[in-house]
């Protein structure tokens, strides 16, 4: 058994020499950009000059954009649709045409759900709820393949592909649910991930495959998860992490995880595929949020967080990507109120925030 595990870990990139430094990628998940533009949102630079978002991002040194894809978002709860669950395949293709035309690479984020897929919920799409495990794996394969074929035919084949979104505890619950530090049900999740990765390799053989988790602050869970992937012989290229300080601990704590990943998986690049922080916050913690060691939720606090995060990531040669989540969040020019206030534009003025200008240092 130990020999089998050793071979599996070799195949997964453990215990092999560190590769040459890879290119660094900078960008954001701009899945709401098309909907925002249709709503009349106005974007400005820090001086108040009106800008075209994609052109502006390009000027800041961004070179890849992430876009999420839901299975049937029209099946989502109305509240989730109001929050931004609208990215079906036609929407994604339409947005990706603009992204590609503007000179960016594309990262596609399969949610394998009709609505938000994250640590607290991984709802099985309505069309798949009656399927058995083997049938579900076949459906993941067919769906992934069909979407990628459609994108390729439209001239917007992705350059990187996430097979699942924040799937530390699995996906398509309850069938694909796991615990990263327990062995139960990993054969089922392994089959689902192998099916999705197989479709990616067949349709987009040059694309890099990302497996995305969100326990960057807990090494035991991060190690347990990717060790299980090695045992399941899941064929992927990049370890993708979410990092939000109010959920995942301090930036130095993230650095410890990155160092340990470099030691244990020296052949795997690591990307922070989601990061963000508040530029305005009322000081009240939400569920599982801990601000005791965080910077203030202010414009300056967000700028300092971004500067410190970039400084830390630049210390780690295995980190090859940094992507802000929902950078395009902006209500200026509309009658919308409120918002998460974690974007890179001020909801009240439409102006780019100072944190925007800190991100470009990641690639220097």
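The values are calculated or read from the model by the stated rules, or taken from the named source; none is laboratory data. Treat the numbers as computed from the prediction; the structure is a model and nothing was measured. Neighbour counts are summed over all protein chains in view; Cβ atoms, including those assigned to glycine, are modelled from backbone coordinates with ideal geometry.
Which one of these does residue 138 not meet: (1) buried (at least 20 other Cβ atoms within 10 Å of the Cβ); (2) outside any loop (DSSP other than H, G, I, E, B)? It fails just one condition, (1). As a summary of the residue check, residue 313 satisfies the conditions (1) buried (at least 19 other Cβ atoms within 10 Å of the Cβ); (2) more than 18 Å from residue 222 (Cα to Cα); (3) touching a helix residue (DSSP H, G or I) at 6+ places or on another chain (Cβ under 7 Å) except for the one numbered (2).
The residue that is nearest to residue 166 (Cα to Cα), counting only those in the stretch 349-364 that are in a loop (DSSP other than H, G, I, E, B) and at pLDDT 95 or above, is 353. Scoring residue 235 on the criteria (1) surrounded by fewer than 19 Cβ atoms within 10 Å (Cβ to Cβ); (2) under 20 Å from the mean Cα position of the chain (by Cα); (3) in a helix (DSSP H, G or I) leaves a single failure, condition (3). The residues of the stretch 319-340 that are in a loop (DSSP other than H, G, I, E, B) and under 18 Å from residue 46 (Cβ atoms), listed by number, are 327, 328, 329, 330, 331, 332, 333. Only one of these is touching a residue at least 60 places away in the same chain (Cβ under 8 Å), touching a helix residue (DSSP H, G or I) at 6+ places or on another chain (Cβ under 7 Å) and in a helix (DSSP H, G or I): 191, 150, 199. Name it. Among 191, 150, 199, only 150 is touching a residue at least 60 places away in the same chain (Cβ under 8 Å), touching a helix residue (DSSP H, G or I) at 6+ places or on another chain (Cβ under 7 Å) and in a helix (DSSP H, G or I).
Every residue in the stretch 101-122 that is more than 26 Å from residue 157 (Cα to Cα) and touching a residue at least 24 places away in the same chain (Cβ under 8 Å), please. Even if it seems obvious, please write down each step before you answer.
Initially, the stretch 101-122 is screened for residues more than 26 Å from residue 157 (Cα to Cα), giving 119-121.
Hits for the stretch 101-122 are 119, 121.
This table checks each residue for (1) under 17 Å from the mean Cα position of the chain (by Cα); (2) over 27 Å from residue 99 (Cα atoms); (3) in contact (Cβ under 8 Å) with a residue 24 or more places away in the chain; (4) part of a loop (DSSP other than H, G, I, E, B).
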position	(1), (2), (3), (4)
272	yes, no, yes, no
288	no, yes, yes, yes
294	no, yes, yes, yes
307	no, no, yes, no
315	no, yes, yes, yes
342	yes, no, yes, yes
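Among the residues in the stretch 203-214, are any at pLDDT 95 or above, touching a strand residue (DSSP E or B) at 6+ places or on another chain (Cβ under 9 Å), in a loop (DSSP other than H, G, I, E, B) and over 23 Å from residue 63 (Cα atoms)?
yes
Every residue, every condition in (1) within 19 Å of the chain's Cα centre (by Cα); (2) over 25 Å from residue 238 (Cβ atoms), yes or no:
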{"residue": "60", "(1), (2)": "no, no"}
{"residue": "73", "(1), (2)": "yes, yes"}
{"residue": "88", "(1), (2)": "yes, yes"}
{"residue": "99", "(1), (2)": "yes, no"}
{"residue": "103", "(1), (2)": "no, no"}
{"residue": "132", "(1), (2)": "no, yes"}
